[in-house]
Structure formats: C-alpha cells, structure tokens
Amino acid sequence: MKLYKNKFLLCSLVLLGLGSCQVQEFSDLNSPEVEAFQENITRGDLPDLVGGILYSSRVNLGNYFDDTGVIGREFFRFSASDPRLTGDLLGGGTNTLDNNTFYITNPWAARYRTVKNANLILGFIDGPDQSDQFSDEELNATKGFLKTFIAYELLLNLNLTDENGIRLDVADEQNLGPFVSKSEALSGIRTILEEAATDLGNGGGAFPFFLPSGFDGFDTPATFLEANQAIAARVATYQGDAAATLSFLENSFMNLTSAQDDLSTGLYYNFSEDQTDALNPMYFPVEATAAGARIAQPTFLSDAEAGDNRLSKVAERSEPLTQDGLTGGYAVALYKTDTDPIPMIRNEELILMYAEANITVDPIEAVAAIDLIRESAGLPAYTGNTDSASLIDEVLNQRRYSLYAEGHRWIDMRRYGRLDELPKDRPDDDVWTMFPIPLTENQ
C-alpha cells in the first residue's frame, strides 16, 4: 500500500479541485486533501480520511450563509474590502451576480471538494483487500455516512443555482456527468440518501471512526440513519412531496412530545481555536464595525409579533451602522463566540417541515405542530384561518424566525414563488432567484 502522509498534491481549486498541481510538504491530517492516500487504506487511515470530509464540509460556509442570508433579506453583510456583498448580492444599481466571483465560485468548489473526497474514500474502501481491514457491516456504515454527506453537499450547491442545476454525477473526475435540472437533481439527491439509508441499516452497531461533538446522539449507524432521514425529509419538502416528507420524518429524530426542550437537537458543524481547525465564520461581535459585520435587516424586528423570544437572535448595538446606503441598529447574534457550532439540521426545522407537509394532509395536525413552535417562542396559540393559503403564510413566518440566518429564508420564499415579497432597501435593488453556474465549469 502506498500512503503519503507527508506530501500531497496541492491543486488549483477549479471545479473539483482539478488543474495544475505541485508537490508540497504536508503533515496535517485534518485536511481535505484525501487524494494523498493511494490504493487500499488501513483502519488507522480511515479516521483521518473522514476527518478530511468533516474539515472540507466547513470550508467557505461563511460565503454560503452570506449568499442565502443577504439575498433572502435576513441581514446585510458589511465589508470594507468587498463592496460586492452590498452591491452584487443585493442587486444595487446596475450590479448583477457575477459567475466568476468568490460568492459563487468559493462555496461551489468547496462543496464539490467534499463530494470528491467522499467519492475517493468510497473508491478506496471498495478495494479487493478491504475485508482484511473492515467487516462488511463497517464498510456499509462508512458508505452510508459518506453518501449522506455527498447528498447534503450537492443539495447546498443546488440551493444556490436552483433551476440552473448542478452536476449530479461527479464520481469520475475525468468524465464528469452533465448538468441536470433542479427536478432531476432533487430526485438524484434523494436517491443517494435512500441508498445511504440502506447502507446504514446494514451498518451494524458502530462506525469504524469517531465523530466530533456536533454528532452527539448521531454517532452510530442507527442514530445517524435518523439524521439521514431528516435530510431526506428536507429534500422531499423541496420537492413538494408531503407524503414522502412525513414518511421520512417518521423515521428521523423528530421529537414532537418534548419539543420545548428538544428544538436544538440535531447535527452541527464544530469549530475550535486549534491551529489545525477552523473558526465559526458566522461570528462577529455585536459592536463590529463596517469593516466586517452582519446587521439584521430592519423588518426582521418590525414584522415580528410582540413577545417573540426569537428576537434574541439579534442584539441592539450602541449605535446603528451604515454602509452603502444600508442602515441597521441590530447585529446578528446567533453565535456568542467564534467556536460556537452551526446547525446543519435540527428538530425545530423538522417540526416545521411536519407542519408544512400536514397542511394538505391533516390541517389540524399542522396547527398542533405550529403551536409547538409558537409556544416555544413565547407566543399564544395560532388562531388564524386553517385554509392552505393561511397555513402556508403561518409556516413561512415561523420558519423565518425559527431558522433565522441558517440558510432557509431565500429558499423558502423562492419555492413558493414569493421572492417579490422580500423587502428592498434601496430603490434600484433586485432580489435574485438563483446564482449563475461558475465560469470555471465552462473551462
């Protein structure tokens, strides 16, 4: 077996990280450079390789959340060094979205990097001699974990490009599959999750690697299967498939009986100050300057119901902050330190998906789920109409406040054809529907 732990190929980040390469010294195994491993792998190698997946999955997350949060009018992203965050993303003046700029090329490449890493590991563990290193159950568990990550990363890229589509088949980096439509991509992602679920179901009692604290409660094949089903429910929700959403949720970690104490249960990205690790890219101090700050879009507060305790997700500054004709007096305050975890998916979202799916199946059950969320937010029970249009309005509003700045508002309003309802803070601003495919894909 060839195993290069001290050197790796540093490639220019084009598409899947392909391009011109050079050999450089390398000693940090908490790195996304999985291709440093050749041929078969040992039990000792696999934790390092999975560590690479967990590392690369966090790369450029800040860009992703800024993309969705700014276009979705959840917050302004001020920056002294890059006016495109208040220009391009908000469509200020004659600005449009650029297909060769960091806000699409960086998160796009990072997500495909994780997909590439996972595909490489899948190729490694399919080697003829792996039965000497791992049991069949361990191999199944690993495949299920990796396929779930592949599906999740593909979904994040699809969230950005929407009807422009994504490449779904990228297993062979020398022969990439074509771009597929949004509908085909969602179907393909769901299929990958279903394959992963089968693998996890045959995965025995333990993974042959350790997972960080963000996976507490989901660190065995059986419990991670519940997370897989939660992600599948999100995909089914995007497809408008209420029956499938409810079926996936039934097998997920959704908890309706103790929702008050369980809204935050879920999968999380971890961060730390270790020099080989990463910091939470969504953290800024409340009193951050315009050099770098996230300022709540004012209607987040003005549209809220009185007494909604979710307004604690923003914090009042000592004085308003202004940049590029945009002003706000409250900062995004979801995270108190730069090592706080960021949710990937959690119970509060599952309950809201359950409510949404039941709008056309069982409106009474939909209201009951809505009331769980309202009660947790310190609000009285829902007393509005129970027709579909009214309940959709209510679910979207609860998602706005429950999932604030977690990457959902823009996608939610888009899938209901309501982007024109998002506020514009300047007369010539635009609300974009989707990002263009990165220029690198055409080279």
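The values are calculated or read from the model by the stated rules, or taken from the named source; none is laboratory data. Because the structure is a prediction, the values reported are computed rather than measured. Cβ atoms come from the backbone with ideal geometry, glycine included; neighbour counts cover every protein chain shown. Ligands, DNA and RNA are excluded from the accessible area calculation, which covers all protein heavy atoms including side chains. Shrake-Rupley method; radii C 1.70, N 1.55, O 1.52, S 1.80 Å.
At a glance:
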item: Single match in ASN100, ASN119 (criterion: open to solvent by 10 Å² or more (accessible area, probe 1.4 Å), part of a helix (DSSP H, G or I) and over 24 Å from ASP420 (Cβ atoms)); result: ASN119
item: Sole residue being in contact (Cβ under 8 Å) with a residue 12 or more places away in the chain and farther than 30 Å from GLY72 by Cβ, chosen from ASN100, ASN140; result: ASN140
item: Lone unmet requirement of (1) more than 11 Å from PHE76 (Cα to Cα); (2) touching a residue at least 40 places away in the same chain (Cβ under 8 Å); (3) touching a strand residue (DSSP E or B) at 6+ places or on another chain (Cβ under 9 Å) for GLU316; result: (2)
item: All positions within region 64-80 that are modelled with pLDDT of 95 or more and open to solvent by 30 Å² or more (accessible area, probe 1.4 Å); result: ARG77
item: Meets criteria (modelled with pLDDT of 95 or more and more than 21 Å from GLU348 (Cα to Cα)) for PHE218; result: no
item: Count - residues of region 333-349 that are β-branched (Val, Ile, Thr) and over 13 Å from the mean Cα position of the chain (by Cα); result: 2
item: Answer from ARG84, ARG113 - the residue that is buried (at least 23 other Cβ atoms within 10 Å of the Cβ) and either of a type outside the set (Ser, Thr, Tyr) or more than 25 Å from ARG234 (Cα to Cα) (or both); result: ARG113
item: Any hit, region 353-363, residues being open to solvent by 20 Å² or more (accessible area, probe 1.4 Å), within 30 Å of ASN228 (Cα to Cα) and of a type in the set (A, V, I, L, M, F, W, C); result: yes
item: Lone qualifier among LEU334, LEU321, LEU350 - being part of a loop (DSSP other than H, G, I, E, B) and at pLDDT 95 or above; result: LEU334
item: Residues of region 211-230 satisfying the condition of being in contact (Cβ under 8 Å) with a residue 24 or more places away in the chain and β-branched (Val, Ile, Thr); result: THR223
item: Filter result for the condition that a residue is in contact (Cβ under 8 Å) with a residue 24 or more places away in the chain and over 22 Å from the mean Cα position of the chain (by Cα), over PRO178, PRO208; result: PRO208
item: Answer residue from region 262-276, given it is touching a helix residue (DSSP H, G or I) at 6+ places or on another chain (Cβ under 8 Å) and over 26 Å from ALA369 (Cβ atoms) and is least open to solvent (accessible area, probe 1.4 Å) among those; result: TYR269
item: Pick from region 248-261, criterion touching an Asp or Glu at 6+ places or on another chain (Cβ under 9 Å) and not aliphatic (A, V, I, L, M), ranking: surrounded by the most Cβ atoms within 10 Å (Cβ to Cβ); result: SER252
item: Residue in region 302-316 that is under 22 Å from the mean Cα position of the chain (by Cα), at pLDDT 95 or above, of a type outside the set (A, V, I, L, M, F, W, C) and under 28 Å from VAL59 (Cβ atoms) present; result: yes
item: Residues within region 296-306 that are assigned to a loop (DSSP other than H, G, I, E, B) and either open to solvent by 60 Å² or more (accessible area, probe 1.4 Å) or without any contact (Cβ under 8 Å) to a residue 24 or more places away in the chain (or both), tallied; result: 3
item: Hits in region 68-97 - residues which are of a type in the set (Ser, Thr, Tyr) and in a loop (DSSP other than H, G, I, E, B); result: SER81, THR86, THR94, THR96
item: Leading residue by the ranking (nearest to THR68 (Cα to Cα)) among those in region 129-171 that are aromatic (Phe, Trp, Tyr) and under 14 Å from the mean Cα position of the chain (by Cα); result: TYR152
item: Residue match in region 372-384 (condition: under 27 Å from VAL235 (Cβ atoms), open to solvent by 40 Å² or more (accessible area, probe 1.4 Å) and in a helix (DSSP H, G or I)); result: yes
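Listed here are the residues, each with its yes/no results for (1) modelled with pLDDT under 60; (2) within 27 Å of the chain's Cα centre (by Cα).
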| site | (1), (2) |
| --- | --- |
| ASN6 | yes, no |
| LEU18 | yes, yes |
| ASN30 | yes, yes |
| LEU46 | no, yes |
| SER57 | no, yes |
| ASP82 | no, yes |
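Residues are listed down the side, and each one gets a yes or a no for (1) among the polar types (S, T, N, Q); (2) open to solvent by 30 Å² or more (accessible area, probe 1.4 Å); (3) within 29 Å of PHE179 (Cβ to Cβ):
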{"residue": "GLN398", "(1), (2), (3)": "yes, no, no"}
{"residue": "ALA405", "(1), (2), (3)": "no, no, no"}
{"residue": "TRP410", "(1), (2), (3)": "no, no, yes"}
{"residue": "GLU421", "(1), (2), (3)": "no, yes, no"}
{"residue": "ASP428", "(1), (2), (3)": "no, yes, no"}
{"residue": "TRP432", "(1), (2), (3)": "no, yes, yes"}
{"residue": "PHE435", "(1), (2), (3)": "no, no, yes"}
